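In what follows, a single structure is set out as structure tokens and then discussed.
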Amino acid sequence: MADAANFRLRNRLSPDVTRVLYVRNLPFKLSSEELYDIFGKYGPIRQIRVGAANENRGKAFVIYEDIYDAKDALEHLNGFNVCGRYLVVLYFH
Amino acid sequence: VTPEQEQRLKWERELEERNRFQTDEEIEEIFKLVPGFKVLEPPTNYQPD
């Protein structure tokens, strides 16, 4: 575990990194399993919220337990193609 | 304590603060600003590694 701690301290996080990711351009018909599968690959998820009303459809918030997992997820998933749509992933402040 | 160690301690404290466990209330607080988003039930077999 020590090297993980060292890694974290050497790579100090910029202030704009947060654990809450805001995701846009998601296909509308994704199930909970699919969403947890796509985002869960990068680390334990604290909570996911999905847009209910029509203008929020295709938008979601994904909250990770660990801030480095969120950074990892964003770096891999921003621009990722899901069913022909390119995900937009941003840090939510 | 060398300045370098001091810097490291500062970063450690900062990281702990940014990474401490978020209670449900804190999460509710965040989503007050963003109405129209509802919690998605995790799949029954979901267990974070």
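Derivation of every value follows stated rules applied to the coordinates shown; laboratory data play no part. Fair warning: this is a prediction, and the values are worked out from it, not measured in the lab. Here the Cβ positions follow ideal geometry from the backbone for every residue, glycine too, while neighbour counts run over all protein chains shown.
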For chain A, treating each Cα as an identical point scatterer without solvent, what Debye log10 I(q)/I(0) comes out at q = 0.11 1/Å? -0.32
Please determine, in degrees from 0 to 90 and to the nearest 10, the orientation of helix B:3-19 with respect to the longest principal axis defined by the Cα atoms of chain B, where the helix direction is its Cα long axis. 10 degrees
Evaluated at q = 0.23, 0.29, 0.33 Å⁻¹: base-10 log I(q)/I(0), Debye formula over Cα of chain B: -0.94, -1.04, -1.09
Once amide H atoms are built 1.01 Å from N in the peptide plane, which residues 5 or more positions from A:G58, or in another chain, come under 5 Å H to H? A:G51
If one takes the longest principal axis of the Cα atoms in chain A, at what angle in degrees, from 0 to 90 and to the nearest 10, does the Cα axis of helix A:67-77 lie? 50 degrees
Hey, can you grab everything whose amide H is under 5 Å from the amide H of B:F37? Only 5+ residues off in sequence or another chain; H modelled, so Pro and N-termini drop out. A:A52
Normalised by the residues of chain A, what does the relative contact order come to in percent, with Cα pairs under 8 Å and at least six apart? 38 percent
Give me the net charge for the shell around A:N25: Cβ to Cβ below 13 angstrom, other residues only, Lys and Arg +1, Asp and Glu -1. +4
Under unit Cβ charges (Lys, Arg +1; Asp, Glu -1), what dipole magnitude, rounded to 20 debye, does chain B have relative to its Cα centre? 140 debye
Taking a straight Cα-to-Cα line shorter than 28 Å from A:K59, and setting aside same-chain lysines fewer than 8 residues away, one finds A:K29, A:K41, A:K71, B:K32, B:K38
In nanometres, the difference between 0.36 nm per residue of separation and the alpha-carbon distance of A:S32 and A:E75 is 13.3 nm
